[in-house]
Amino acid sequence: MVTIQNLHKKFNKNVVLSGVNLDINAGGIFAVLGPNGSGKTTLIKSILGMVIPNEGNINVLGNNIKNNSNYRSQIDYLPQIANFPSNLKVKELIKMIKDLRGNHTKESDLIKLFKLDPFLDKKLGNLSGGTKQKVNIVLTFMFDSPLIILDEPTTGLDPISLIRLKELIQKEKDKGKTILITSHIMSFVEEVSDEIVFLLEGKIYFKGSISDLKIKTNQPDFEHAIASILTNNHA
Amino acid sequence: MLKILKYSFFDLMRSRWSYVYFAFYLLLGIVLLFLNNDLSKAVITLMNVIIVLVPLIGTIFGVMYYYNSKEFTELLLAQPLKRSSIFLGQYLGVALSLSMSLILGLGIPFMFYGLFKSTAIWDFSLLLITGSFLTFIFTALAFNIALSNENKIKGFGYAILLWLFLAIIYDGMFLMSLILFEDYPLDTLSLVGTMLNPIDLSRTLILLKLDISALLGYTGAIFKQFFGTNFGLIVSLSTLTLWVILPVLRIIYKSKRKDF
């Protein structure tokens, strides 16, 4: 599905990714984890073509992404910070994105699911953070693409919406889609993900299932396993 | 690109500032016509305002729009759209809506005044054409500055400096150089110097069209010889076009290599 070879990226002198190799197979939920500033978002943005790598190759669904934009029609992306043009109405934004991508969509079910009906005529600038995130989720999931990338999807969500999001992710996975998630909420990651990819200092430190990680770090639970990696490498 | 252009254009058309800009020109046009009662004189006064104000507004609007629509841009970047079409669409949206405010704001009062029956229609059209050129040039320059500067304050600073330089400082330096080297033949130098600054070029173009080249002093005759002919007009308009194309090319080049 996604193949990354020898990916290097630095911003000015700040090296963020230094030789990442990653293969993500089709189907399943992959969590990209790592401490703050470990390059999770940079990795995701490189896959999306928003960050241009200094070196390395990325293939998405068999297409090299360099100087290519069409492959993005196969990706649904949920950005980390839900900032939208503030003088647009929710309805207009949804219509606009639909117009730009031109796929048939299923936004009405999602609007119902997240109870966004009363907000459709409100301007995006007047919405609360959590509501914006719900709009963000609707915009992401309304297209039926085989690859879904979620950057911190849980930010600002209330418990009910969080449960709905988890159900939604599970449903998409059952359709055979590939889902890439970054999150700092370990319980969320543990609950939803099939496999984790741990980034540390610009390299992939660990890739495998959660139980493998527990064995490798000799820790009984997931949160402590992650913590032990961090303390052993930073203490 | 056309879809992005459409959304940027309508987004701007709905914003308060487009109306303020439009209303300003409308008011300016009406006031000038009633105070002057003379179409060609009104055109000269308008030229003086446009030459300075259009670049300023183009620069400020361009920079402001780029920074304000950053989130929107990031949303678009994740969609299956080419980078060049995203940025060109936004640029054209800004430049077109500004040009439209200018053309409609000035055109409406002049139309009611009886422009179509007047002989000043060509002078007036040239004024609007150069005004639109200046809008496109300075919006493109503003986008260049904004693309190269992550920091908003820096971006605004450079944009204002650029305007200040081309609108005021350049003229000063140009005049100084003419005085300093007055012993030498300066025809070519002053011609080239005028060509290199879009604001000066527009001003010269309009002044010569208005047939008041005597105002231009001792180089006026040479200027008249050059700019007054069809050849001069074509060269000037091509230079203005070049002033649009080069920054636009840099927008494409820069946007392809930028990280978001």
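The values are calculated or read from the model by the stated rules, or taken from the named source; none is laboratory data. Computed from a predicted structure; not experimentally measured. Using ideal geometry, Cβ is built from the backbone for each residue, glycine included, and neighbour counts are taken over all protein chains shown. These area figures cover heavy atoms from the full protein model, side chains too; ligands, DNA and RNA do not enter into them. Shrake-Rupley method; radii C 1.70, N 1.55, O 1.52, S 1.80 Å.
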(request) Within the range B:118-128, identify whether any single residue is within 22 Å of the chain's Cα centre (by Cα) and under 28 Å from B:Asn149 (Cα atoms), and answer yes or no. (result) no
(message) Here are the criteria: (1) part of a loop (DSSP other than H, G, I, E, B); (2) open to solvent by less than 40 Å² (accessible area, probe 1.4 Å); (3) within 11 Å of another protein chain (Cβ to nearest Cβ). Tell me which single one A:Met96 does not satisfy.
(response) (1)
(request) Those residues that are part of a helix (DSSP H, G or I), open to solvent by less than 50 Å² (accessible area, probe 1.4 Å) and within 14 Å of chain A (Cβ to nearest Cβ), I need them from the range B:8-28; list them, please. (result) B:Ser8, B:Phe9, B:Asp11, B:Leu12, B:Met13, B:Ser18
(request) Could you look through the range B:129-181, keep only residues that are among the polar types (S, T, N, Q) and not in a helix (DSSP H, G or I), and pick out the one that is nearest to the chain's Cα centre (by Cα)? (result) B:Asn149
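Does A:Ser86 qualify as being under 25 Å from B:Arg257 (Cα atoms) and at pLDDT below 90?
Values: under 25 Å from B:Arg257 (Cα atoms): no; at pLDDT below 90: yes.
When the stated conditions are applied, A:Ser86 does not pass them.
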(request) Looking only at the range A:23-42, count how many residues are of a type in the set (A, V, I, L, M) and open to solvent by 10 Å² or more (accessible area, probe 1.4 Å). (result) 1
(request) Report, by residue number, each residue of the range B:1-60 that is under 28 Å from B:Leu161 (Cα atoms), more than 18 Å from the chain's Cα centre (by Cα) and hydroxyl-bearing (Ser, Thr, Tyr). (result) B:Ser8, B:Ser15, B:Tyr19
(request) Filter the range A:99-109 for residues that are part of a helix (DSSP H, G or I) and within 11 Å of chain B (Cβ to nearest Cβ) and give the result. (result) A:Asp99, A:Leu100, A:Arg101
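Can you pull out every residue in the range B:148-170 that is surrounded by fewer than 16 Cβ atoms within 10 Å (Cβ to Cβ) and either more than 18 Å from B:Leu53 (Cβ to Cβ) or in contact with an Asp or Glu (Cβ under 9 Å, 6 or more places away or on another chain) (or both)? Step through it out loud before you land on a result.
At the first step, the residues of the range B:148-170 found to be surrounded by fewer than 16 Cβ atoms within 10 Å (Cβ to Cβ) are B:148, B:150-154, B:157, B:160-161, B:164-165, B:168-169.
Passing the criteria: B:Ser148, B:Glu150, B:Asn151, B:Lys152, B:Ile153, B:Lys154, B:Gly157.
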